[in-house]
Amino acid sequence: MLRPRITATREQISLDGLWAFATDAQVPDQAHAAPLDTKLEAAVPASYNDQFADPAIRDHVGRVFYQREVRVPRGWGNQRVLIRFDAATHAANVYVNDLRVGEHVGGYTPFDVDVTDHVTAGETFRLTVAVDNRLTRETIPPGTVATGPDGTRSQKYLHDFYNYAGLARSVRLHSVPRTHVSDVTVVTGYEGSTGRVDYTVELSGSADVLVTLRDEAGNFVTSAAGATGTLEIADVTLWQPGAGYLYDLTVELRDGSHLVDEYTLPVGVRTVEVRGSEFLINCEPFYFKGFGKHEDTPVRGKGHDNAFLVHDFQLLDWIGANSFRTSHYPYAEEVLEFADRHGMVVIDETAAVGLNMLIGAGISTGGEERTFGPEVLGDPSRDVLAQHVRELIARDRNHPSVVMWSLINEPASNEDGSREYFEPIVELARELDPTRPLTYSIVMFANAENDRIVDLFDVISLNRYYGWYVVPGDLRAAEQYLRRDLASWEKFGKPVMMTEYGADTQPGAHSVWDGPWTEEYQANLLAMYHRVFDDIPYFVGEQVWNFADFQTSNGTHRVEGNKKGVFTRDRKPKAAAHELRRRWTSFGDGKPKPQE
Ligand code: BDP
């Protein structure tokens with residue numbers, strides 16, 4: 001799916017700003033049929049929740065309405081007119097004046113609504129979006145909604161981060177020519193110093209296709225005619241971790257000398273491969289150093305913010321990280337484009353978190369129910385997950401920064417039914433993208449003996465909390481558990497990495513002993529894990545949980561959120577940040593040597 005760009009033939013106007021806002025408890029069901037009867041306004045892009053002081057809005061369960069007037073530029077009469085929503089969490093219905101014109105399910109992938117037949121160039125229309133935050137057993141992520149005796153709804157879900165909702169990413173009105181480029185796919189490689197870009201252009205309508213490649217300085221490199229083909233680059237500059245070189249691939253549609261459409265895609269030339277127990281980027285063993293992150297900031301919730309984007313990447317660079325995982329959902333496209341430009345390596349995750357009835361919100365409050373089967377997560381849930389995978393891969397497959405798909409976080413992969421549920425999902429992902437390795441993050445309860453799906457994947461990613469949820473405060477015992485656990489996965493002959501390890505830490509709490517919650521404990525726990533990792537030849541990476549503290553659901557076992565951040569929520573370093581910086585800046589992108 002192509003991100004809207006302004007080109008010689010395409011225009012766009014931003015619909016970000018303040019929109020009229022109301023919950024479905026405040027206005028009638030058919031609220032779109034008239035100007036919203038409300039004094040409230042909500043900022044877009046931003047989750048709506050923390051913008052309001054009223055808990056009935058913040059924790060509202062159900063639909064909310066966003067509304068604004070939009071004027072279609074007068075020069076767009078001969079174009080198709082679309083509205084691009086970068087995300088509506090978790091489901092949306094879109095209305096132009098009285099008419100429903102589109103819908104989308106899934107909170108973290110973009111969608112277009114084609115409004116050409118419902119609007120007039122030069123005139124205005126009333127745009128209403130009803131966004132639904134309810135999580136059920138047929139949504140990804142899953143949840144349940146209960147209705148109390150007074151009719152008030154409440155929401156439960158099986159992941160710890162707060163269920164922020166609304167229009168958290170940009171909204172745009174954009175135009176495309178009637179005959180246009182509808183998609184472009186690139187697959188890259190190289191041999192010696194010659195780079196290769198295999199491209200496929202999809203068209204809506206028919207025209208001649210011309211493809212031109214330029215380097216970063218804008219110099220012509222090569223060109224080709226036709227909707228599919230291969231471009232060769234003499235003396236290629238590869239996209240590398242830490243050095244994100246991008247070529248520009250410009251697709252022109254022509255009718256004789258007339259330019260019908262033009263679209264430019266940034267392209268990084270690199271390869272990714274799992275060979276034996278190594279993870280290779282451009283045929284060199286790569287060692288992941290970094291974090292599981294969240295899209296989470298004060299007031300904005302999951303709202304995308306370019307200042308936080310820049311600052312977070314600055315901190316990743318300061319600390320010596322070379323990678324992160326988009327835990328636990330696809331991030332804003334601005335983030336991936338930034339990673340492409342700056343050589344950051346990304347493990348791109350779907351929104352499949354909490355497919356595990358044992359866990360509950362956090363590690364300790366689960367039920368007894370089994371996870372997979374018609375009564376809980378059955379075929380409807382799996383069909384929705386398949387659609388999430390399709391939309392993620394369609395959106396992100398051209399990003400050189402994305403080196404692996406993480407299809408699920410902490411599923412009940414030790415339970416009956418997990419293989420039946422996930423095998424078709426893995427097959428689908430391989431069919432849609434045969435070029436990237438697949439992984440999933442493995443929960444504590446799933447071990448090398450009882451996990452039923454590990455053989456389907458290429459990289460074994462473990463989430464482990466020895467020294468925190470298991471033997472808290474006892475790093476000696478934690479080290480023994482960890483060594484035993486890591487040794488047990490060797491038999492699969494695949495690369496193993498840690499996608500979560502860490503400890504909740506209250507900034508300012510200190511101790512000379514191993515006291516959980518202190519800054520020293522977090523640093524000592526990480527150092528212990530690193531000592532163990534460095535002894536394991538098939539170990540390919542460490543991603544600490546979490547980059548920064550983040551907001552969690554209302555409940556009793558988190559105080560003001562999850563505090564496993566190495567940075568606070570406002571991005572101040574805890575002691576562990578300095579410890580990580582010492583380690584990660586002491587070696588490059590390859591594997592560190594065993595410690596003395
Ligand atoms: C893991 C989850 C992660 C949680 C973390 C924790 O993957 O989302 O935040 O535990 O408990 O189970 O801190």
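Derivation of every value follows stated rules applied to the coordinates shown; laboratory data play no part. Being a predicted model, the structure only gives us computed values, none of them experimental. Note that each Cβ is placed from the backbone with ideal geometry, even for glycine, and that neighbours are counted across all protein chains shown.
Over segment 372-474, calculate the relative contact order: mean separation of alpha carbon pairs under 8 Å at least 6 apart, over the residue count, as a percent. Computed over segment 372-474, the figure is 28 percent. Modelled this way, with points 7 Å down the Cα-to-C-beta line, the labels at Val299 and Thr222 are 5.0 nm from one another.
Highest-first packing order for the peptide set 260-271, 1-12, 429-440 is 260-271, 429-440, 1-12, based on the mean count of other beta carbon atoms within 10 Å.
Taking 0.36 nm per residue of separation and subtracting the Cα-Cα distance, full extension of the segment from His258 to Glu232 would add 6.7 nm. Dividing the mean sequence gap of close Cα pairs (under 8 Å, 6+ apart) by how many residues the chain holds gives a relative contact order of 12 percent.
Here segment 1-75 is treated with +1 on each Lys and Arg Cβ and -1 on each Asp and Glu Cβ, and its dipole about the Cα centre works out to around 520 debye. Separation of segment 192-248 and segment 450-500, taken as the distance between their Cα centroids, equals 41 angstrom.
Quick one: Debye curve from the alpha-carbon atoms of segment 272-584 only, equal weights, vacuum; give me log10 I(q)/I(0) at q = 0.08, 0.12, 0.13 Å⁻¹ to two decimals. Per q value, in the given order, log10 I(q)/I(0) is -0.33, -0.79, -0.94.
Here r is the Cβ-Cβ distance between Val470 and Phe492 and R0 is 22 Å; the resulting FRET efficiency, rounded to 0.05, is 0.45. As a ratio to 2.2 N^0.38 Å, the alpha-carbon radius of gyration for segment 1-160 is 1.11. Spin-label pair Asp317-Thr185: with each label point 7 Å from Cα along the Cα-Cβ axis, the two points sit 3.4 nm from one another. Along the charge dipole of the chain, Cβ charges K/R +1 and D/E -1, which of Phe21, Trp517, Gln595 sits furthest on the positive end? Going by the Cα projections, it comes out as Trp517.
Modelled label positions at Ser154 and Ser511, each set 7 Å beyond Cα in the direction of Cβ, lie 3.3 nm from each other. Dipole size of segment 180-267 about its Cα centre, with +1 on Lys/Arg Cβ and -1 on Asp/Glu Cβ: approximately 100 debye, rounded to the nearest 20.
Over the chain, DSSP H runs of length four or greater, each weighted -39,500 (n - 2.57), average out per residue to a 222 nm ellipticity of -5500 deg cm²/dmol.
Treating the chain as a set of equal point scatterers at the Cα positions, no solvent, please give the Debye-formula log₁₀ I(q)/I(0) at q = 0.07, 0.09, 0.11 Å⁻¹. The computed values of log10 I(q)/I(0) come out as -0.43, -0.73, -1.09. Packing here is the average count of other Cβ atoms within 10 Å per residue, and on that basis the peptides 467-475, 32-40, highest first, run 467-475, 32-40. How much net charge surrounds Glu375 when only other residues with a Cβ under 10 Å from its Cβ are counted (Lys, Arg +1; Asp, Glu -1)? My count for the surroundings of Glu375 gives +1. Taking a ≥ b ≥ c as the square roots of the Cα gyration tensor eigenvalues, with a/c under 1.5 meaning rounded and otherwise prolate when a/b beats b/c, else oblate, which class fits segment 462-596? It is prolate, given that a/c is not under 1.5 and a/b is the larger ratio.
The dipole here belongs to the chain: it is taken about the Cα centre, uses +1 on the Cβ of Lys and Arg and -1 on the Cβ of Asp and Glu, and is about 840 debye. Total lysine pairs in segment 272-584 at Cα distances under 20 Å, for residues eight or more apart or on different chains: 16.
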